[in-house]
Amino acid sequence: MIDDEFKAFLDGLLMGDGSLEFNGWSTRYSQRCVKRGWLEHIKHVFSEHGIEAVIFPTIMVVGGKAYRAYDIKTKFYADLNIFWKRWYSTGRKRVPRDVNVASPIFLANWYMGDGYLKRDKNKKPSIWFATNSFPREDLEWILSQLREKLGLEGSITKEGKIRLSSKCTDKFINIVKEHIHKDFIYKITTNWRPSWDEYFMRIAHMVAQRSTCLRRKVGAVLVKDNRIICQGYNGAPKGLPHCIDIGRCLREELNVPSGQRHELCRGLHAEQNCIIQAAVFGVSTRGATLYTTTYPCAICAKMIINAEIYEVVYDADYEDALAKELFEQAGVKVRRFHVDPDDP
């Protein structure tokens, strides 16, 4: 069941987001990811080596925001014990010194799990790895192996991340590109441009940073013909002191659960502010697309419907059954587009 290729495959996953669980007799593998297609590929590879796995939906919380994600878990197998002994010999996850760092499969899986292509203005993109969970001595060993076996130069940042020299970007991509899953092609595209969905959703996330809400920061932008016509974030009405300024939240003081009694709040929602701004400046919202960082509530849904907004694109989930029902009845198109919070 365990050959050199599978060992490199699983080592690469464990170098990234993968983890192992040992029950005293046998071991199982698990991983959480927003890319279901990638997890299906992992499941297929496991199946080829006699390892059964299941995939099921879950919620991943990053920076206080909930994202739809998926978990993959295998059954417990004694044949996987060797990986547990190698990766968790000290009780915590450490990089085994027999990892084949030069393997393109290992590098590709590691990169898809914890790597990203950082595009600095007026500079050649560079390869980064979010390796801050490993001790520095492990990172120094990895860098030495990359240098000696592949001629890839790099350094360790003060945050514990590995950064390869931008001079090595093309070489690294050439090594791993045949093993990069289609869900992660954007990570090896140096002349990458964001899609319109990513472009507007990232702007919505930036707008959310202006939010003055103490509970949840939400941003929204209204788009027509790929042009932003209005934007908004959640906060107190114009001219009134913001919650972050007075240091108190009415909903927290009244112990109002999330998703209930929306009227008990000093602020307006991001979607509401978008629509109101359009009214103030005389901009038609008919047929527009609303990008919002969080699924709208029922009150916002009713305003969206009457504003004749054609489509809602959201990132993080927000449970409001009535909002979903209203959108369905009104025929408003709703879809999710996730922006990877770990990928700049």
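Summary table
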item	result
Failed criterion for Ile82 (all others in (1) assigned to a loop (DSSP other than H, G, I, E, B); (2) more than 20 Å from the chain's Cα centre (by Cα); (3) of a type in the set (Val, Ile, Thr) hold)	(1)
Asp183, sole failed condition from (1) more than 30 Å from Pro296 (Cβ to Cβ); (2) surrounded by 16 or more Cβ atoms within 10 Å (Cβ to Cβ)	(1)
Pair list, Cβ < 8 Å and 6+ apart or interchain, from the range 65-93 residues that are within 18 Å of Met15 (Cβ to Cβ) to residues that are open to solvent by 70 Å² or more (accessible area, probe 1.4 Å) and assigned to a helix (DSSP H, G or I)	Ile72/Lys43
Matching residues in the range 119-139 - criterion: being surrounded by fewer than 12 Cβ atoms within 10 Å (Cβ to Cβ) and not basic (Lys, Arg)	Asp120, Asn122, Ser133, Glu137
Total residues in the range 218-253, condition farther than 15 Å from Gln272 by Cβ, touching a helix residue (DSSP H, G or I) at 6+ places or on another chain (Cβ under 7 Å) and not hydrophobic (A, V, I, L, M, F, W, C)	1
Residue in the range 191-202 that is of a type outside the set (Phe, Trp, Tyr), buried (at least 16 other Cβ atoms within 10 Å of the Cβ) and farther than 19 Å from Arg336 by Cβ present	no
Some residue of the range 42-49 being open to solvent by less than 30 Å² (accessible area, probe 1.4 Å) and within 14 Å of Ser19 (Cβ to Cβ)	yes
Of the criteria (1) surrounded by fewer than 18 Cβ atoms within 10 Å (Cβ to Cβ); (2) touching a Phe, Trp or Tyr at 6+ places or on another chain (Cβ under 6 Å); (3) among the acidic types (Asp, Glu), which one Asp79 fails	(2)
Qualifying residue in the range 291-307 (condition: in contact (Cβ under 8 Å) with a residue 40 or more places away in the chain, surrounded by fewer than 16 Cβ atoms within 10 Å (Cβ to Cβ) and outside any helix (DSSP H, G or I))	no
Candidates Gly232, Gly239, filtered to the one that is touching a residue at least 24 places away in the same chain (Cβ under 8 Å) and either under 23 Å from the mean Cα position of the chain (by Cα) or open to solvent by 40 Å² or more (accessible area, probe 1.4 Å) (or both)	Gly232
For Leu39: the one exception among (1) open to solvent by less than 10 Å² (accessible area, probe 1.4 Å); (2) touching a residue at least 40 places away in the same chain (Cβ under 8 Å); (3) within 30 Å of Thr292 (Cα to Cα)	(2)
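The values are calculated or read from the model by the stated rules, or taken from the named source; none is laboratory data. Not measured: the values here are computed from a predicted model. Here the Cβ is made from the backbone with ideal geometry for all residues, glycine too, and neighbour counts use every protein chain on show. The accessibility values were calculated without ligands, DNA or RNA, using every heavy atom of the protein model including side chains. Shrake-Rupley method; radii C 1.70, N 1.55, O 1.52, S 1.80 Å.
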